[in-house]
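The values are calculated or read from the model by the stated rules, or taken from the named source; none is laboratory data. Values in this document were obtained by computation on a predicted structure and should not be read as measured data. Please note: Cβ atoms are built from the backbone with ideal geometry, for glycine as well, and neighbour counts cover all protein chains shown.
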Amino acid sequence: METKATERQQRFIALAATHAEDFETRVAQHDRENTFPFENVAALKASGYTALTVPEELGGGGANVLDLVLAQERLARGDGPTTIAITCISTGRGYSLTSGA
């Protein structure tokens, strides 16, 4: 099933695409050297990407699960390992802020 992305989803996907294009330039090097892409995480944090699932009223993007999946899908086209790492961070943060955990 294919649906048209909402305006908000398109913004999240565009942000992910920008990062994906950048990260793709060094993903093979990190793989070869068995290193963690700390600079990618810093870039994601600086752009607000790591706060996509944080509620808007708390300064985040207010992304729901579908919004995040669409953005992560695009990010993974450039750098799968960074996408996996940031998924662990993003999904946990949004849940803990909304659940009071």
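List of remarks:
- Restricted to helices (runs of 4 or more DSSP H) entirely inside the range 1-68, those with at least 3 residues that are more than 21 Å from Pro81 (Cβ to Cβ) are 7-23.
- Per-region count, the range 5-16, residues more than 18 Å from Gln72 (Cβ to Cβ) and touching a helix residue (DSSP H, G or I) at 6+ places or on another chain (Cβ under 9 Å): 0
- Residues of the range 32-66 that turn out to be of a type in the set (D, E, K, R), surrounded by 13 or more Cβ atoms within 10 Å (Cβ to Cβ) and at pLDDT 95 or above, as a count: 1
- Count - residues of the range 17-36 that are within 14 Å of Ala76 (Cα to Cα) and charged (D, E, K, R): 4
- The residue list Ala28, Ala16 contains one member that is out of contact with any Cys (no Cβ under 6 Å at 6 or more places or on another chain) and surrounded by fewer than 17 Cβ atoms within 10 Å (Cβ to Cβ), which is Ala28.
- Selection of the range 4-37 for residues being under 13 Å from the mean Cα position of the chain (by Cα) and polar (S, T, N, Q) yields Gln9, Thr18.
- Gly78 passes every criterion in (1) modelled with pLDDT of 95 or more; (2) surrounded by fewer than 19 Cβ atoms within 10 Å (Cβ to Cβ); (3) outside any helix (DSSP H, G or I) apart from (2).
- Considering the conditions (1) at pLDDT below 90; (2) of a type outside the set (A, V, I, L, M, F, W, C); (3) closer than 22 Å to Gln10 by Cβ, Thr98 is excluded by exactly one of them, (3).
- Taking the criterion of being over 18 Å from Gln72 (Cβ atoms) and touching a residue at least 40 places away in the same chain (Cβ under 8 Å), the only residue of the range 37-62 that qualifies is Pro55.
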